[in-house]
C-alpha cells in the first residue's frame, strides 16, 4: 500500500511539473505555448574595445519541458559549447557566452571588476539566481522571455540600478506592427495603436526605466507576457502597468485597426443616420448642425426644412428678441448659418433680424475669438450687410473681426482658448472663417499659411489630432472642414499625411457603420455631437471634390418651394398609390434603423481639463451640457463655444 501511495505521489508531482509549462488561466494562449523566448546581447562592450562581437547574437524561441532550466534553455539557444557555467558558494552563474567572459572590458580601478553576464526574466532583474529559474520551481514557464545581457558596470549600463527603487515608469514602448500615437514619452500615459488591415496580432514590448520594476500587460481581462502576441480586435484597451513594488504607473493603449472607409461611404452613412434622427420633435431649434449638414448635401427634405424654420420662428416669438442668448454670440451665428443653408433669410425671422446682435462687437468680444470667427462666417454666408449697431454699442466690421482673429494668433501659428499652444479645433475653425480673404489680404494669407503649418506640426503619427488631452473625431472634423474650404487636398497634401495615413483615414477609425461616429477613441458608443461635426466635414470635403461652393459659401442655397401641379390621371394615381405603399414600407425600415441608431448613440462624460482660461468653470460646465443638445457651435466634449 505504501509503495502504491509513493507511486501515486510521484505521478502527481510529475503532472504538476508538466502543468507549469503552460500559462495559468489568467494568461493568454499563445502560438509559443511550450516555448520560451531567449535573447543574448552585448550592447555595452564594443568591438573596438576588444569584444569578439556586439549587438544581439541570439533571438529565438526554445521548447521547454518539465526538466527545463534557465541554463538549459540558454545552452539550447547558443549551443552548449558556447556557454560556461561556474559554481560558487552563492550558486551557479553564467561566466561566459560566445567568447565574452565575465571581467572582459571591465574597469578594475574601482577595486573590483563589475563586468559580467546578467539575466532578465521578462525584462525584470529576477530576485533569484539562474539556478532558481526552473520549470520545476514554477519560476520559468511558457511565454517567458529570458534575456542574457553583458554589463560592464554591474547592471547600470543596461538599465538595472538596485539603489534606485523610486522609478516606476516605462523608458520605452515598441510594437511589432502598427503606429503608436503619439510618439512614446514616459510622461504620456494614453496612446492609440493603429494596426494595418490584415494584421491579426501584435506584440507590445515595454521597457521599464529600471530593471527592478515589474511590468505587466493586460487586454480584455487577459494577462500577456512580454513576448506574447495580442489578438487585434478593434476597440481593445491594452493596459501596461509598471510597478516598483509600492507605487505604479499605468499606461493605456487603445487598439484600432485601419478600416479603409472612404469619405463617400462615411458621408452617406452618417447623413442617413442624421436624416433618420430628425423627426417632428428633433427637427427644431438647437439642432442646427444636423440641418446644415443635410441641407448643404441636398439631402434635407422640404418638410424638414420648413419644420426647423417654424421652430426658430416660434423661439424668436417667445423670446421677443433678436438675441437668442444673452452671453454667447455663437448661438445667433449658428442659427443664421442653418437658416441660410435652407434658403431662408436670417434677417427676416418672425420680424426679427438675427444678424443684428452680431453687429455689436462688444457682444462678440465677450465670448472670444471663436465668436468672431463664426460671426464672420454668418455674415459671409450670403454676403450679408452688417447691420448698424445700436446706440452705445461698438460697431462690428469685417475688418474688425479679421483683426481680432489675427491678433489672437499664437507664436506657433495656431489658435487656442488658453493661449498656450495651437489647438487643432480652434485653429481649424479660425481658418474656415479666414479662407475667403486669402486671395485679397496678404496678412490673412500669411496667417492662414502659418495656421496650416501649425496643424501639420501637431498632427499625430497616425493622422489623428489631440485636443485637451483627448484623441477625438471632433478635431478631425474641424481640420477636414478647414482643408476642404481652403482647397487643400487631404488625400495628396503631404503636410497632412503621417505614416501614410490621411485625415480621412483617421476619421474612419471612429466610424461605426449604421450608427455614425464615436467622439473619443475610447468611447464605446457613437455621440450625437460627433455625428453632426463629422457629417458637415464630410459634406465640406464632398463639395470641394465636386467643385461646388464651399460649405459656408451659401450663395447657392435656395429655398425649395412646394410643387404647384397635381397629377389626376388614372396612371398617375396608380403610380402614386404604389409609391405610397413603398414609402410606408421604407418608413418602417427607416424607423427601425433610426431606433437602432438612437440606441447606439450616446456620449461619454469627460471631465473638462483645467486650462487657465479666463472663462469661469460654471460656463465650461454649461457648455459641455449644451454641446450634447446641439446648442453650441462645436458640440465637443470640452469647454468650447
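The values are calculated or read from the model by the stated rules, or taken from the named source; none is laboratory data. Since we're looking at a predicted model, the values are computed, not measured. Positions of Cβ are backbone-derived with ideal geometry, glycine not excepted, and every protein chain shown enters the neighbour counts.
Against the conditions (1) assigned to a helix (DSSP H, G or I); (2) crowded, with 24+ Cβ neighbours inside 10 Å, residue 464 satisfies every one except (1). Confirm whether residue 506 is in a helix (DSSP H, G or I) and closer than 16 Å to residue 256 by Cα. Judged against the criteria, residue 506 is a match. Just to be sure before I move on: is residue 406 surrounded by fewer than 20 Cβ atoms within 10 Å (Cβ to Cβ) and in a helix (DSSP H, G or I) in the structure I sent? Yes. Condition first: touching a strand residue (DSSP E or B) at 6+ places or on another chain (Cβ under 9 Å) and at pLDDT 95 or above. Now tell me which residues in the stretch 510-524 satisfy that. Once the filter is applied, which keeps residues that are touching a strand residue (DSSP E or B) at 6+ places or on another chain (Cβ under 9 Å) and at pLDDT 95 or above, the stretch 510-524 yields 510, 511, 512, 515, 516, 517, 518, 519. Residue 180 meets the conditions (1) touching a residue at least 40 places away in the same chain (Cβ under 8 Å); (2) crowded, with 21+ Cβ neighbours inside 10 Å; (3) out of contact with any helix residue (DSSP H, G or I) (no Cβ under 8 Å at 6 or more places or on another chain); (4) in a strand (DSSP E or B) in every case but one. The failed one is (2). Residues that are crowded, with 19+ Cβ neighbours inside 10 Å and not assigned by TED's automatic domain parsing to the domain that holds residue 332 number at least 3 in the following strands (runs of 3 or more DSSP E) confined to the stretch 212-321: 214-219, 237-243, 248-257. For the stretch 535-553, the criterion of a residue being over 24 Å from residue 383 (Cα atoms), buried (at least 24 other Cβ atoms within 10 Å of the Cβ), at pLDDT 95 or above and in contact with a strand residue (DSSP E or B) (Cβ under 7 Å, 6 or more places away or on another chain) is satisfied by no position. Just one residue in the set 92, 109 is more than 25 Å from residue 208 (Cα to Cα), assigned to a strand (DSSP E or B) and modelled with pLDDT under 95; that residue is 92. Of all residues in the stretch 132-154, none that is not assigned by TED's automatic domain parsing to the domain that holds residue 47 has its Cβ atom under 6 Å from the Cβ atom of a residue that is modelled with pLDDT under 95 and surrounded by fewer than 23 Cβ atoms within 10 Å (Cβ to Cβ), 6 or more apart or on another chain. When the stretch 59-70 is filtered for residues that are part of a strand (DSSP E or B) and in contact (Cβ under 8 Å) with a residue 40 or more places away in the chain, only 69 remains. Kindly evaluate residue 399 against the criterion of being modelled with pLDDT of 95 or more, outside any helix (DSSP H, G or I) and surrounded by fewer than 17 Cβ atoms within 10 Å (Cβ to Cβ). Considered against the rule, which asks whether it is modelled with pLDDT of 95 or more, outside any helix (DSSP H, G or I) and surrounded by fewer than 17 Cβ atoms within 10 Å (Cβ to Cβ), residue 399 comes out as no. Scanning the stretch 548-559 for residues that are over 26 Å from residue 346 (Cα atoms), in the same structural domain as residue 296 (by TED's automatic domain parsing) and not in a loop (DSSP other than H, G, I, E, B) turns up nothing. State whether one or more residues within the stretch 468-489 are assigned to a strand (DSSP E or B), out of contact with any strand residue (DSSP E or B) (no Cβ under 6 Å at 6 or more places or on another chain) and in contact (Cβ under 8 Å) with a residue 12 or more places away in the chain. Scanning the stretch 468-489, I find no residue that is assigned to a strand (DSSP E or B), out of contact with any strand residue (DSSP E or B) (no Cβ under 6 Å at 6 or more places or on another chain) and in contact (Cβ under 8 Å) with a residue 12 or more places away in the chain, so the answer is no. Do we find a residue being assigned to a loop (DSSP other than H, G, I, E, B), buried (at least 19 other Cβ atoms within 10 Å of the Cβ) and touching a residue at least 40 places away in the same chain (Cβ under 8 Å) anywhere in the stretch 188-207? Looking for residues that are assigned to a loop (DSSP other than H, G, I, E, B), buried (at least 19 other Cβ atoms within 10 Å of the Cβ) and touching a residue at least 40 places away in the same chain (Cβ under 8 Å), one finds none in the stretch 188-207, hence no.
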